1. Could you tell me which numbered condition residue 286 fails, if it satisfies all but one of (1) surrounded by 21 or more Cβ atoms within 10 Å (Cβ to Cβ); (2) on the phi < 0 side of the Ramachandran plot?
2. Being in a helix (DSSP H, G or I), more than 20 Å from residue 315 (Cβ to Cβ), assigned by TED's automatic domain parsing to the domain that holds residue 190 and aromatic (Phe, Trp, Tyr) narrows it down to one of 60, 14, so name that one.
3. Residue 323 fails exactly one of the following numbered conditions: (1) within 24 Å of residue 212 (Cβ to Cβ); (2) in contact with a helix residue (DSSP H, G or I) (Cβ under 6 Å, 6 or more places away or on another chain); (3) modelled with pLDDT under 95. What is the number of that condition?
4. Take the conditions assigned to a helix (DSSP H, G or I), within 18 Å of residue 315 (Cα to Cα) and modelled with pLDDT of 95 or more and apply them to residue 239. Does it pass?
5. Being modelled with pLDDT of 90 or more and over 23 Å from residue 328 (Cα atoms) is the requirement here; does residue 71 meet it?
6. Somewhere in the stretch 83-97, is a residue at pLDDT 85 or above and assigned by TED's automatic domain parsing to the domain that holds residue 113?
Amino acid sequence: MKKTLVNQIQFTFFAVCIGGVIGAFIWAFLKIMGAGQEVLFTILPKYIHIPCLTLIICAFGGLLIGICEKFFQASPEELETVMAAIKRDGRYSCDRLGIRTVGAVLPLIFGASIGPEAGLTGIIAGLCYWAGERFRYVGKHLSELSQIGLGSVLGVIFGSPLFGYMMPIEDGEVTEELAHRDKMLAYLASILGGFGVYSLLSHIFGGGMAIARLEGGSIGSRERVFAVILIIIGVLAGVLYSLFLKGTQKLFGFLNKKAGVIFCAVLGGVCIGLSGMYVPFSMFSGEAQMEELVESYMDYAPAVLLLIGMAKLLLTNISIQSGFKGGHFFPVIFAGVSIGYGAGLFCSVSPVFAAAAVTSALMGFIMKKPVAVVLLLMLCFPVDGIVWMLLAAEAGSCIRVFYETYLGKYELFLNS
């Protein structure tokens, strides 16, 4: 009994230390990303006055990314692929972590409409397994360390330890070994350790990422009447995302076979650059752009806000399928907020409530994990709308599952 307690304390302490290292690594990664974006898109334009500079920068970024992928296979895998590999094998490869880190940060620096979670998840999971192999007393817990790293990454990046805790659990991606009560304690301790170190470094040195918080508005009778319409709009946005996903997969899959990965990446860079020139909100992951949108959405017509959201959904899929690999959570949240603002202004309801309902339905449709969606979006929206957010996320998830179960033969949606 005493030996078991000692082992548990050792493993929990090791998990906290791993979480702290993960928090520091993520902070450094995002600091480098932010510095790169600052140089390319803020400092450089002050000295080089070319109308199409954004297009040139993004196309050059596509060239670099294409070369890295062709010769080094540097592109990160998608978050769902990493999670499935960890669940299946109990580990994630720790090979070529340096080149994979470069492959994860380059698309972000060059303005792709992606988030950092996909690339960071694979890198951290590999680092956790690598570290575990070098500490004898945690050797028997190797299969759990990558899962601990996964939760820490998600909790730190999105600023929500509860989201990092629930995301891998809700859909059964945590193995039975880690599901034991004592192991789950270590799992949560690692997430909190990572979040604490990341928050401390961000506070002292700056940097990091944070989702803008939307305040104001109230939930009255008119909001309740239009809630169903807003949820339907969110689900339709999810359908649109899936159509964009399927279309870009087919297009860039064909181009990849005919012209190669370098051509696809350069074409993706051109699309990102052109979109950035005419719809600046469509570039980057979206968390910083959402702060701007919160301040200025009243300056736009409802139709423009809807178009901005749809452009974001399209560019996210173009970015990922062309070779600018990364996550889709941050861009999709931005798109949901923009579409929700537009729908709220059009329906004359609280824009914040409309954004919450639309974004929750959209994220629920894509993720199929309503509880994780609400834990994530609680950072963005007022707590008094949590019931409506949960209903919207559940509705989006159920509609997605219904389609995949009964109408999947029509191949409208792909697993995303």
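The values are calculated or read from the model by the stated rules, or taken from the named source; none is laboratory data. Bear in mind that the values here come from a model prediction, so they are computed numbers and not experimental data. Counting neighbours? That spans all protein chains shown, and the Cβs are built from the backbone with ideal geometry, glycine included.
1. It is condition (2) that residue 286 fails.
2. Sole residue among the options that is in a helix (DSSP H, G or I), more than 20 Å from residue 315 (Cβ to Cβ), assigned by TED's automatic domain parsing to the domain that holds residue 190 and aromatic (Phe, Trp, Tyr): 14.
3. For residue 323, the exception is condition (1).
4. No: the conditions fail for residue 239.
5. Yes: the conditions hold for residue 71.
6. Scanning the stretch 83-97 turns up no residue that is at pLDDT 85 or above and assigned by TED's automatic domain parsing to the domain that holds residue 113.
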